[in-house]
Every structure is written in C-alpha cells, then in structure tokens.
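Participant: Dropping a structure here in structure tokens format, bear with me for questions.
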Amino acid sequence: MKYDPKTFENKWKEKWLNDKLYKANFEDTKSDKFYSLYSYPYPSGAGLHVGHSEGMVANDIMARYWRMKGRNVIYPMGWDSFGLPAENYAIKTGVPPQKTTDDAVVTFKEQINNLGISIDWDTEVGAHWPEYYKWTQWIFVQLFKKGLAYKKKASVNWCPKDQTVLANEQVINGKCERCDTEVVQKDLEQWFFKITDYADRLDKDLDKVDWPDSTKATQRNWIGKKTGINIDYKIENTNKILTCFTTRPDTNFGVTFIAVAPDSQFVKDNIQIFPNKEESQKYIDETSKKTELERLQEGKKKTGAFTGLYAINNLNNKKIPVYLSDFVLANFGTGALVGVPGHDLRDFQFAKTMGIEIIRVVKGADGDESEITEESQVQEEQGAMINSDFLNGMNIHEATKKIMDYIEEKGWGKKVVNFRIRDWLVSRQRYWGCPIPIVYDPEGNPHAVEESDLPILLPTDVDFRPTGESPIARSEEYKKRAEEKYGKGWHYEADTMDTFVDSSWYFFRHIDANDSEKAFDSAKADYWLPTDLYMIGAEHIVLHLLYSRFFTKFFFDEGIVNFNEPFYKMRHMGIISGPDGRKMSKRWGNVINPNDEIAKYSADTVRMYEMFMGPLADPKPWNDRSENGVFRFLNKVWDLSNKISSTEGGGTPRLPSGMDDPKLLDQLRLVHKLIQKISEDTEILSFNTAIAKYMEFINAISAFEKIDKTVWETFLKVLAPYAPFITEELWGKLGNGYSIHTQKWPEFDPELIKDEVITMAVQINGKVRGTIQINPEAEERDAMDKAKADEKINKYITSDVRKVIYIKGKILNIII
RNA sequence: GCCGGAGUGGUGAAAUGGUAUACACGGCGGACUUAAAAUCCGCUCCCCGUUAAGGGGGUGAGGGUUCGAGUCCCUCCUCUGGUACCA
C-alpha cells in the first residue's frame, strides 16, 4: 500500500483532540515542566500563514520531544483578537468585529489542528473574550492604584487616517506603522503607564535571559540608558536656573551656546522674561506647526532663535548665549543642551548657521590642534583634551570622570541616568479594544471602576466610523449604563486600550485560563513560568517584549509572582519569502498557504519541509521542489515499513552482548547514533540538521534486506515529534498500542554509538595526503605504522620526521 | 551615522580549530516503461590530465595566529535587519 496521508491524518487529528492527548497536568507541580509558547496570533481573515506554521511547528517539536522525555508540558494557544483590521473591515462592510474575529478564530484553530500542533485547547484565551478582558481591566486598575496608570495632557502622535493616537514605538520615520500616513502632533488627554519607573530594571535584567544577542541589543537600544550629568546654569541678571543634561561634560570648556527646546517647560515658564520675547514667540509658533516628518527631513539644516538670555559657565565664568532650537527635544534629558560645536556634529551645524564661536577642546586625528572650520574636523569619540585648564592632556574618558566629580563637588550639578524610553501611551480612540475601566464623576475626576464591577463590557450599539473621538463615546447604552450605576453626569472613559496591553499578560492567563476568581493563580504561575521556549517573529522584539517584561516586574513587585522575567529562552523564526524570493504578498501572487500544501502533500511534509528549509532564525525562500524532497523521504519511510522482519525483532530490545547477527548489530548502531544526534539537534533547535540525519538513516537502513522490528520502532519514536501523523499510523500498523506520542523517548546505549574504525585523514606538513582506517582509541604508534604502510602516504615522507601531531580520533599530521 | 546579523557549489544549505561542500533540490547519464510520470542506480566545486592514474586551486578581499583556519584576531568590501537631531 502506498503512503496516502489522506487516509489517516484526519483520523488521528480527531482522535488526538477528542482524547485531549496533549493536556497539561495541572495537578503535578513537582516534575520538570516545559512551557512552549508561540506568540499568540492576530486572527486575520486570511488565515494562518507559513510564518505562523513555522514557529508553531518549532514549538510543537519541542513540546512533543519534552513530553516523551517525561516533562510536564504545556503548549497553549490564544488570540490577539482586538485591533484595527477587524474594525476597519467593519467600517467598510458593516460586519461587526466580533463576528469577523470569531469566524477567523474557527479557521485558525482548524488550520492549527490540521498541522498536528499539539495544543492543549483547554488553555485557550482570546483578548476579546469578556472573561479575558475583565482581567486586563483588573490589571489596569492595579496599575492605577499604584500610580502607574495616569492621565496627562500630552502632545501625542496622531494618525489622521486611522483617527487614533499612536505610541512612539508605532511611528516609523514620522509615519504610521500601519497605514504609512504622515503622523501629526496633537495635544490630548491620554492614559499612560509609567514604564519609565522600570527602565533600569528592564535594561539590567536582560542579563538573566537566553535570547538572541541582537534582540537584547535592540531592547537595550530602545531603553537607551545614558549616564551623564545635569549641570545647573545661572541665567544672568535673573534668579533663574537652566539645567542641561550632558554625557560629555569633559568638553565643557568648549561650550559656546545653550539650546533649549521651543516646547520645553523652561520656555513656557520664562518666555515673559526673554529679552527677545517676540522673536522667540515667532520661532515657537513656526516650529509648532511643523510635522514630525518635516522636522526629520530638515536633517542637517538647523534653525533657531536667540532668546536674549545669557547663562554663566561656572568653570570659566564665561557668558553663554541661550538659543531656542527645534533640534533639541523637549522630552529628552532636561529639554536643554550645552552646545559644544567643536565636538558634536549637530552643535557644529547649529553654530555654523547661527554664527556662533567654535572652540577646540579635544585634539583631532594625529594631534591636530588647528581651528575647527569644517564638519570633517569635528572630533567626537576619542582624543586628548586641550584648552581645558586642569583637564589638559587627559583622554576624554578620564576627563569625563574627573570633571563629573569636580562639578558635583562644587555643587554645580548632579550625576544622573537618563533613558530614551518614554511612558507607554495606552489610550486609543477606537472601538475594537479593551475598554478602560475608569469612570468620571460630573466634575471630570477619574475613578477606577470597582473590581467587583468588572468587566466593563464593550457596548454593541456603536457606529464604527472614526471621527477622532472614540466610537463608544457615542453609544447610548454606554452612557445610560454609567448613569444608572453611578448617577447623573457620570460617564465611562470612552477610549480603549492599546492592544499591546492585552498581549502583555496572555501567557499568564494560559496557565489558569478558566479561573473566574482571579487573573491567574500565583502558585501555578510560579510553577509554569517563565516560559521555556518562546517563538516570536522578529517584528515583535521591541514593544511586546518590553511591555510584557514591565507587567511581569509589576506583578513581582505586587507579590503576585516570584519571578521577574517572563520569557527565559526565546528564539525567532526567519521570514519566509515567496518562491520568487520576494516578500509573500497578494500583490505578487506568491503567497503560500499551509492548507494548500497539506492538500498537495501531507501535514507531515509541510511540517518537516518548513523545518528543513534552513536554520530556524534565517530568512529563507519557499521552494516547492525541495518540499517534494521531504515528501519523497516520507514515502520512503512508509515503504520501508514493509521490510520489517517480524521474526527477528519480536519487540524485545536487543543488547550487543550475545549478538550473533552482525547485520542486526549494524542496524542497532545506526539507530542508536540516530537517537543521540536527534536528541542533540532537537534540544538546540537545529531542526534542519536533525532532518538531514533522518534522511541519512533512511538511506543507510534501506541497504538492508530486512529491518529489525525493534530498530524500526525506535526510529518511529525518534521521528514522532517531527512527523506525528505518519509515525502514529505506522506505529499502530506494527501492532503497537496507541499512542506513539505518549511513549518514552528512547535512550541510546553508549557502547553502540562508538565506532570501531574510523577513516582518519593523514596530513604531511598540513596537507591531506591520504586516509587510514583506524580505531579512534588507537595510539600514535599504530597510526604512524598504518600511515607508513600506506604507499600513497608513505611516498610523501621523503625526509626525517621532525614532529608528529596526533589527536585520537581526529587527525594525524606528520611534519617533515 | 550608530547597533546587530550574514557572505561557502547552479539552488536551499552542512562542518566542537582537524579529509570543506553532509542532507536535499536541480542537472547529466542509465534501468524500468510503447511512452510519460513515479521509482531505482551512477555522476555532479573549479582547473590541468584522454574517460584514467595523478596533480593543483578553492569558503567576499588582504594580512596575522596555528602543525593545521570556513571557523580565532586585525584591516577592508558587499548584502541585510533594526534605529536615528537622544545632547
């Protein structure tokens, strides 16, 4: 009979589901556990794509492997089901987001099951389920109570097309990450989470986790920890102080101006006393009209206005003019900077434009001490100090230390650490999200909704069309609900939460998904978390991780959990491009749908091909022909099952002692080596090489007339995590009880993986001249004898042997 | 600019400092077939050599460390991901 997956894949899928074969054991809190987590997908109408399946299969192989190794495994799945696409679809078609989403979830589940992904569906969660978002709201309330959720009027990024606020992280080059529309600035009352309180820990604790270095670097970059000093400058003829943040106080003798952000607090407070008040106001008005994009596009072209104020540099009592300029950011540092045009490119550009003096305080390349007139002379990163009084001669790093201490001693400033990261803006003026559990009294003061009154359900009587105001503000039912509950004039917050709030804690809910009393059980969380393998697309490495880590640390501080990092080991799957090498897209017609591939070949083929394509993390193109190669492999596996010798195997494990059949010994050697290699490769997620080893095994074993039954059954067990369907089917056909997936992972016998002879390369002066057959444990003398006995090698030994390098089992190198 | 990652056959890719190119695809030749598909067998880095026996070269470029380098170090080039008036 031929390999015909259609006759059994569906059967096993149904049976595994009905039997709940992959149920996590929540009673067990002692065994080693394995939490296999795939970043919960957004259930889009397009269904599962090959990127999803790639990550899910990787998680699945690990889950299946560790189950067979005896660990208590949880492999949950959930839905990132709030968000813009469903809402935009509703605006276009009138179909409620609820329906679109629920339909998509059905499709996703079906597809996941078709691939044989071993999900415990009892742990399913969905961001849009009231029983889930009740607890998202509960978390908001906890943050609010601790002062970590707060409201403020802020200049925010506004997308005119989506009609909503965007987080800094969602603005790419001044454009909306979702629709590419130019983002504008708008002043609005918004809810924020105070993630900046956690900035230092978010940076430091990256040392604890096993993540790709690039991911850690990106996180660190985003957090942007900067050590520097805030220096106070007296403003001449006033009692005002202007504080500037700098990381390079070593260059302070080269300061020739101060620049202040036009929208900074200092300017707002003191514009009245600016000698050049009118000119300043004009500049402020001009710059406030610019969009983020315009500001960026100006690039090197600096603009500014002189305030008429002068600050005093305590170091040398020099008068420094104070300017306004929009290259200074109001929300970094103190919103003001000391300008050192000789040693900062931007300061140089500004000084040139405004005609400000430039002083060299660091020697240039090759000790250049000449006047700085060209951009290329601006020395930033290294060098020795000059024109700097007591700092002269020191390198910039020494000088930085020295002057920081000096300024602090004198009381002119204070060392500080600054972060690039901003508080997390969570308000969204959209419908399809988690309602913010805040109610306003008639005076407009916000109050947290009582925990017993959660969840605040999303109203259904809304008009989805965006107007810039949250759609649920126009719900009559929502208005009435608040007034009935709290009295006339009271109303609920009409904004919803950023969907990143939903996804920042879903992995906590998975381990206690049906708890109606609390968000999750602490003891369960302490047992199951942190996750043991988190697969996530490289596109999520900034926001989602930062926010999830923030929540985890908050829970830790609240005493809810005893760990402070949620994801121990994390890996990324590389993006799969179309067969033409281009990004998969409807536009190019190169989208591969896992469903079609399953129909064409089999679920096992799709699984194994996706793992065989290359290293998990690498980007790689789809290749239908290579996929066919994996299908051929599975066909061979199927066909070889007909070569089982039932008389020889008999189901009793054989040991090498007393073995009389050399062929059986050879087969045992093959399969035990396979166990070893597959275990190794699987544990380090080297799935592509593991599959190559299955293929080598099949190529080698097919040379035998008959295959021992025990050997074959061992092979099936070892293949089971990668190809769950065919192995289950063949396992049963050989008369074994259901299910192969609950079998114990075979252990290899160390005696059987040793080679008796290996082929060793022999080098003469480092050049390979031949090979010898030798026992890997043999001594140097044996190796030399064998080498000399080999005519091809011996003919190169033309003079006295000066030195011999012999490494057992590796190499013989003869130096003459 | 800054921070990552990567450059190996026609292609996807393998190689704890130890025979570079495993495994697979594709290609070529053969078997089976009326034929095709499927399947099976052989060859397949480049150059010289008659197809052989033999050599020689070769992992983006150039240096270095080493008995020995795709792998480690330095300089550079290219591609790629992220990020950017962050003081």
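Participant: Please list A:669-678, A:750-759 highest first by mean number of surrounding beta-carbon atoms within 10 Å per residue. Please list the in-between numbers first.
Facilitator: On the way: A:669-678: 21.7, A:750-759: 12.2.
Highest-to-lowest ranking by the protection proxy: A:669-678, A:750-759.
Participant: If R₀ is 56 angstrom, what is the calculated FRET efficiency for the pair A:K480 and A:E380, using the beta carbon separation as r and rounding to 0.05?
Facilitator: It comes to 0.35.
Participant: Express the C-alpha Rg of segment A:525-611 as a ratio against the empirical globular expectation 2.2 N^0.38 Å, rounded to two decimals.
Facilitator: Details: Rg = 18.5 Å, N = 87, 2.2 N^0.38 = 12.0 Å.
Normalised Rg, Cα atoms only: 1.54.
Participant: Just to confirm the number: angle between the C-alpha axis of helix A:345-354 and the first principal axis of chain A, 0 to 90 degrees, nearest 10?
Facilitator: 30
Participant: Ok, one more. Given the protein chains as shown and a 1.4 Å probe, how many square angstrom of A:T93 are accessible, to the nearest 10?
Facilitator: Per-residue accessible area (A:T93): approximately 70 Å².
Participant: Something else about it: Given the protein chains as shown and a 1.4 Å probe, how many square angstrom of A:V417 are accessible, to the nearest 10?
Facilitator: A:V417 exposes around 70 Å² with every protein chain in place.
Participant: Which Cα, out of A:N59, A:T29, A:A46, lies furthest along the positive dipole direction of segment A:28-69 (beta carbon charges, K/R +1, D/E -1)?
Facilitator: My answer, from the dipole projection, is A:T29.
Participant: Leaving ligands, DNA and RNA out of it, rank A:T531, A:T100 by accessible area with a 1.4 Å probe, largest first. Could you put the intermediate results ahead of the total?
Facilitator: Numbers: A:T531 0, A:T100 35 Å².
Result, largest first: A:T100, A:T531.
Participant: Same structure again: Would you kindly state how much longer the chain becomes between A:C179 and A:K194 on full extension, computed as 0.36 nm times their sequence separation minus their alpha carbon distance, in nm to one decimal? Let's see the in-between values first.
Facilitator: Details: separation 15, 0.36 × 15 = 5.40 nm, distance 2.75 nm.
Using 0.36 nm per residue and subtracting the Cα-Cα distance, I get 2.7 nm.
Participant: Report, to the nearest 10°, how far helix A:662-683 tilts away from the longest principal axis of the Cα atoms in chain A, using its own Cα long axis and a range of 0 to 90°.
Facilitator: That works out to roughly 10 degrees.
Participant: Next question. Once you charge only the Cβ atoms, +1 for Lys and Arg and -1 for Asp and Glu, what is the size of the charge dipole of segment A:513-578 about its Cα centre, to the nearest 20 debye? Walk me through the numbers before you get to the answer.
Facilitator: Values: 6 positive and 9 negative charges, 55 e Å.
In debye, rounded to 20, segment A:513-578 gives about 260.
Participant: Here is a further query. Cross-link partners among lysines for A:K410, C-alpha distance below 23 Å, same-chain residues fewer than 8 apart left out?
Facilitator: Filter leaves A:K226, A:K234, A:K240, A:K318, A:K319, A:K401, A:K402.
Participant: Then there's this: So what is the 222 nm mean residue ellipticity for chain A from helices alone, if each DSSP H run of at least 4 adds -39500 (n - 2.57) and you divide by all residues, rounding to the nearest 500 deg cm²/dmol? Don't skip to the end; give the middle numbers.
Facilitator: Working: 27 runs with 293 residues, N = 816.
Rounded to the nearest 500, the figure is -11000 deg cm²/dmol.
Participant: A:K410 to A:D749: extension gain in nm, 0.36 nm per residue of separation minus the Cα-Cα distance? Write out the running numbers ahead of the final one.
Facilitator: Details: separation 339, 0.36 × 339 = 122.04 nm, distance 7.24 nm.
Here the segment from A:K410 to A:D749 would lengthen by 114.8 nm.
Participant: For A:W731, A:W222, give the ranking by accessible area with the largest first, probe 1.4 Å. Don't skip to the end; give the middle numbers.
Facilitator: Numbers: A:W731 15, A:W222 65 Å².
Reading off the accessible areas and sorting them downward yields A:W222, A:W731.
Participant: Any chance you could run the full-extension gain for A:I684 through A:D557? It's 0.36 nm times the residue separation minus the Cα-Cα distance, nm to one decimal. Write down the numbers at each step before the final one.
Facilitator: On the way: separation 127, 0.36 × 127 = 45.72 nm, distance 3.33 nm.
Full extension of this stretch gives 42.4 nm more.
Participant: How do A:680-686, A:563-569 rank on mean C-beta neighbours within 10 Å, highest first?
Facilitator: On the way: A:680-686: 15.6, A:563-569: 19.4.
Those peptides, ordered most packed to least, come out A:563-569, A:680-686.
Participant: Give the dimensionless ratio obtained when the Cα radius of gyration of segment A:492-566 is divided by 2.2 N^0.38 Å.
Facilitator: Details: Rg = 13.1 Å, N = 75, 2.2 N^0.38 = 11.3 Å.
Output field value: 1.15.
Participant: Taking the dipole about the Cα centre of chain A, with the C-beta of Lys and Arg at +1 and of Asp and Glu at -1, give me whichever of A:T251, A:L533, A:L329 is farthest to the positive side.
Facilitator: A:T251
Participant: For a Förster distance of 30 Å, can you work out the FRET efficiency between the beta-carbons of A:D32 and A:E539, rounded to the nearest 0.05? Don't skip to the end; give the middle numbers.
Facilitator: Numbers: r = 32 Å, r/R0 = 1.07.
The computed FRET efficiency comes out at 0.40.
Participant: Within segment A:100-159, report the trypsin sites (Lys or Arg not before Pro) that DSSP leaves as loop and that have at most 14 other Cβ atoms within 10 Å.
Facilitator: Within segment A:100-159, the qualifying trypsin sites (Lys or Arg not before Pro) (loop, at most 14 other Cβ atoms within 10 Å) are A:K146.
Participant: Express as a percent, rounded to the nearest 5, the fraction of DSSP beta bridges in chain A (both residues included) that run antiparallel. Intermediate results must be reported in sequence, preceding the final value.
Facilitator: Values: 64 of 89 bridges.
Taking every DSSP beta bridge within chain A, about 70 percent pair in antiparallel fashion.
Participant: Can you give me the solvent accessible area of A:I698 with a 1.4 Å probe, rounded to the nearest 10 Å²?
Facilitator: Counting only protein heavy atoms, A:I698 exposes about 0 Å² to solvent.
Participant: Residues with beta-carbon under 10 Å from that of A:A311, excluding A:A311: net charge, scoring Lys, Arg +1 and Asp, Glu -1?
Facilitator: Net charge around A:A311: +2.
Participant: May I pose another question? Leaving out same-chain residues fewer than 8 places away, which lysines sit with a Cα under 24 Å from that of A:K11?
Facilitator: A:K11 reaches A:K2, A:K20, A:K23, A:K109, A:K600, A:K636, A:K717, A:K733, A:K744.
Participant: Which whole-Hz couplings ³J(HN,Hα) result when phi for each residue of segment A:526-534 is put into the Karplus expression 6.51 cos²θ - 1.76 cosθ + 1.60, θ = phi - 60°, listed in order with x for Gly and Pro?
Facilitator: Going residue by residue, I get 5, 6, 7, 9, x, 5, 8, 8, 10 Hz, with x marking Gly and Pro.
Participant: A follow-up question, please. Can you pull out the GluC sites (Glu not before Pro) in segment A:1-84 whose DSSP state is coil and whose Cβ has at most 15 other Cβ atoms within 10 Å? Don't jump to the answer; show the numbers that get you there.
Facilitator: Working: sites: A:E9, A:E14, A:E27, A:E54; in loops: A:E27.
Taking segment A:1-84 and a limit of 15 other Cβ atoms within 10 Å, the loop GluC sites (Glu not before Pro) found are A:E27.
Participant: Can you give the angle from 0 to 90° between the axis of helix A:780-789 and the longest principal axis of chain A, with both taken from C-alpha atoms, to the nearest 10?
Facilitator: 60
Participant: Using a Cα-Cα cut-off of under 18 Å, which lysines could be cross-linked to A:K92, ignoring same-chain neighbours fewer than 8 residues away?
Facilitator: By straight Cα distance, A:K92 reaches A:K161.
Participant: Would you please classify the overall shape of segment A:320-418 from the alpha carbon gyration tensor, given that a ≥ b ≥ c denote the square roots of the eigenvalues, rounded means a/c under 1.5, and beyond that prolate means a/b larger than b/c while oblate covers the rest?
Facilitator: Oblate, because a/c is 1.5 or more while a/b does not exceed b/c.
Participant: Placing unit charges on C-beta atoms (Lys and Arg positive, Asp and Glu negative, everything else neutral), compute the dipole magnitude of chain A about its Cα centre in debye, rounded to 20.
Facilitator: Values: 109 positive and 123 negative charges, 209 e Å.
Here chain A has a charge dipole of around 1000 debye.
Participant: For segment A:515-557 and segment A:97-136, what is the centre-to-centre distance using only Cα atoms, to the nearest Å?
Facilitator: Their Cα centres are 18 Å away from one another.
Participant: With +1 on each Lys and Arg Cβ and -1 on each Asp and Glu Cβ, how big is the dipole of segment A:1-73 about its Cα centre, in debye rounded to the nearest 20? Walk me through the numbers before you get to the answer.
Facilitator: Working: 13 positive and 9 negative charges, 45 e Å.
In debye, rounded to 20, segment A:1-73 gives about 220.
Participant: Can you give me the C-alpha center-to-center distance between segment A:746-810 and segment A:401-466, rounded to a whole angstrom?
Facilitator: 69
Participant: So which GluC sites (Glu not before Pro) in segment A:776-816 are both in a DSSP loop and have at most 12 other Cβ atoms within 10 Å of their Cβ?
Facilitator: Details: sites: A:E777, A:E779, A:E780, A:E791; in loops: A:E777, A:E779.
Answer in residue order: A:E777, A:E779.
Participant: On to the next question. Starting from the Cα gyration tensor of chain A, take the square roots of the eigenvalues, sort them a ≥ b ≥ c, and report rounded, prolate or oblate (rounded when a/c is under 1.5, otherwise prolate if a/b is larger than b/c, else oblate).
Facilitator: Details: a/c = 2.64, a/b = 1.42, b/c = 1.86.
Note, shape of chain A comes out oblate.
Participant: So which cysteines of chain A have no other cysteine's Cβ under 4.7 Å from theirs?
Facilitator: A:C179, A:C244, A:C434
Participant: Any idea which of A:G489, A:C179, A:W158 is furthest toward the positive side of the dipole for chain A, if Lys and Arg beta-carbons carry +1 and Asp and Glu beta-carbons -1?
Facilitator: A:C179
Participant: Here is a follow-up. Taking the Cα centroid of segment A:585-630 and of segment A:1-61, what is the distance between the two, rounded to the nearest whole Å?
Facilitator: Cα centroid of segment A:585-630 versus Cα centroid of segment A:1-61: 18 Å apart.
Participant: If you take the square roots of the eigenvalues of the alpha-carbon gyration tensor of segment A:121-191 and sort them as a ≥ b ≥ c, do you get rounded (a/c under 1.5), prolate (a/b over b/c) or oblate? Please list the in-between numbers first.
Facilitator: Working: a/c = 3.14, a/b = 1.47, b/c = 2.13.
The shape class here is oblate.
Participant: In what order, largest first, do A:E177, A:E380 sit by accessible area if the probe radius is 1.4 Å? Don't jump to the answer; show the numbers that get you there.
Facilitator: Details: A:E177 90, A:E380 65 Å².
Solvent-accessible surface, decreasing: A:E177, A:E380.
The values are calculated or read from the model by the stated rules, or taken from the named source; none is laboratory data. Treat the numbers as computed from the prediction; the structure is a model and nothing was measured. All Cβ positions, glycine included, derive from the backbone under ideal geometry; neighbour counts span all protein chains shown. For accessibility, only protein heavy atoms count, side chains too; no ligands or nucleic acids. Shrake-Rupley method; radii C 1.70, N 1.55, O 1.52, S 1.80 Å.
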